[in-house]
1. Quick one: in the range 167-194, which of the residues that are open to solvent by 50 Å² or more (accessible area, probe 1.4 Å) and touching a Gly at 6+ places or on another chain (Cβ under 9 Å) is modelled with the highest pLDDT?
2. Within the set of pairs 6+ apart or on separate chains, which have a first residue in the range 76-98 that is touching a residue at least 12 places away in the same chain (Cβ under 8 Å), a second that is assigned to a loop (DSSP other than H, G, I, E, B) and open to solvent by 30 Å² or more (accessible area, probe 1.4 Å), and C-beta atoms under 6 Å apart?
3. Among GLU379, GLU417, which is in the same structural domain as GLU154 (by the TED database) and either modelled with pLDDT under 95 or open to solvent by 60 Å² or more (accessible area, probe 1.4 Å) (or both)?
4. When the residues of the range 158-184 are filtered to those that are closer than 30 Å to ARG391 by Cβ and either assigned to a helix (DSSP H, G or I) or among the aromatic types (Phe, Trp, Tyr) (or both), which remaining residue is nearest to the chain's Cα centre (by Cα)?
5. Considering only the range 270-291, how many residues are more than 19 Å from ARG356 (Cα to Cα) and out of contact with any helix residue (DSSP H, G or I) (no Cβ under 9 Å at 6 or more places or on another chain)?
6. Taking strands (runs of 3 or more DSSP E) that fall entirely within the range 257-357, which contain at least 2 residues that are of a type in the set (Ser, Thr, Tyr)?
7. Within the range 73-85, can one find any residue that is closer than 26 Å to PRO247 by Cα, open to solvent by less than 50 Å² (accessible area, probe 1.4 Å) and not in a helix (DSSP H, G or I)?
8. Do you know which residues across the range 99-122 are in contact (Cβ under 8 Å) with a residue 24 or more places away in the chain and open to solvent by less than 20 Å² (accessible area, probe 1.4 Å)?
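The values are calculated or read from the model by the stated rules, or taken from the named source; none is laboratory data. None of these values were measured; they are calculated from a predicted model. Cβ placement follows ideal geometry from the backbone for every residue including glycine, while neighbour counts extend to all protein chains displayed. For accessibility, only protein heavy atoms count, side chains too; no ligands or nucleic acids. Shrake-Rupley method; radii C 1.70, N 1.55, O 1.52, S 1.80 Å.
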Amino acid sequence: MRHILSGIALAATITFGSVQPGSAQNLFEPVVYVNDGAVTRYEVQQRIRFMQVLGAPDTSAAEAEQALIDDRLRFYAARLMGVEATEEGLQSGLEEFAGRAGMDAAQFTAALEQAGIERQAFRDFVRAGIVWRGVVGRRIIPSIDVSDAEIDQELKRRIETPIITRVLLSELIIPAPEGQEEAAMAQATQIARSNPSTPQFAAAAQQYSAAASAEAGGRLEWLNIDNLPPTLRPIILSLQPGQTSQPLTVPGAVVLFHLRDQIGTVRAGAREQVLDYMTLRMGSATDAAALAARTRYCDDLYVQAGPEAAPRVQRQTASQNAIPTLIATQLASMDPDEASVVNYGTSADLVMLCSRQPALLAESGADVAVTTQAPDGVEAAVPNPDGVPSREAVRNELFNRKANAAAEAYLAELRAEAVIRRP
């Protein structure tokens, strides 16, 4: 969310004026050493101002100091691996970062200087990110792998997660007239960080909110998610009932939202399954049961049935509603590679389940075992996917998630092994 709002917050802060500097006493005095490299009080103050301009007005000295320590560790790891940020690469990074606020690097730097932030603080911040990406690219990325099973599991989770259509929100709008923006943001941040319950949020809204809903504790009626502004939807959808958003900066105010409840619908086809199964018609239930007991997995059925019966084995992939009722009922309670018998009295079917999965997952391109006889029936079994992400998109997301987690773990390792001391 901070990424979404950073451009707005930056522009607002620069418009409102520079952040007030801290004490100038002993500015260049080291406050901490990291592997014999010093972090000065001045650097801490510069990082605080920089983070305030980026929309984090309550950044503490301890938080700024820790961020600078982590940057020192990133540079240390980069030196060990011979990773450097070229001037060309640095300039590209500066331009990309400034572009988030709708500026070029020169404009962004000038705006920062107006807010009391030196050019070097901006360059060091961006350079640390560049060399760290180089370290991650060399050390971590080659070891990251995303399996098809992980993609299937994530797709299944998404398919089975209801699509939120309506939300029940409470709002708290704190006025932020010119000159009082920081105070309004600090108050909103304090409320958000307290993780208020629904009654606590209502009490805060009654006390601080300037909206017409304040008397009702900020409570709004049910809203269709599609009626919310596009920039607000992902923020609301990221909340779980009982959670409060981070402060949102709007012209003249700071806004908090609290999610009281939500309503979702299961996407079309989410409960529809595609089954890969085998059948073999036999003369008696006894013979079918004996064969079922000998068979351990689907391909083994051809072997256990013998050369005469194997050609009569039927393997097919079909949606549940396309499978004969008695067979479908039997399959409903079976696990993959489990065999059972459907007894018709004068004959019997040996039935064996090979796999089951949501029909939408089959459409997304997962490996689905199909019948040896075309057509396999998958196409007819699959409804409209209704926005299910592609396998490649999910693979990339899982890959990035793993890479970020591994990078954080490596940074924690560097932190644990570093010599960090105070004067």
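1. PRO175
2. TYR76/ASN35
3. After applying the criteria, what remains is GLU417.
4. ARG158
5. 8
6. The strands (runs of 3 or more DSSP E) meeting that bar are 273-282, 314-319.
7. No, every residue in the range 73-85 fails to be closer than 26 Å to PRO247 by Cα, open to solvent by less than 50 Å² (accessible area, probe 1.4 Å) and not in a helix (DSSP H, G or I).
8. Matches in the range 99-122: ALA111, LEU112, ALA115, ILE117, PHE122.
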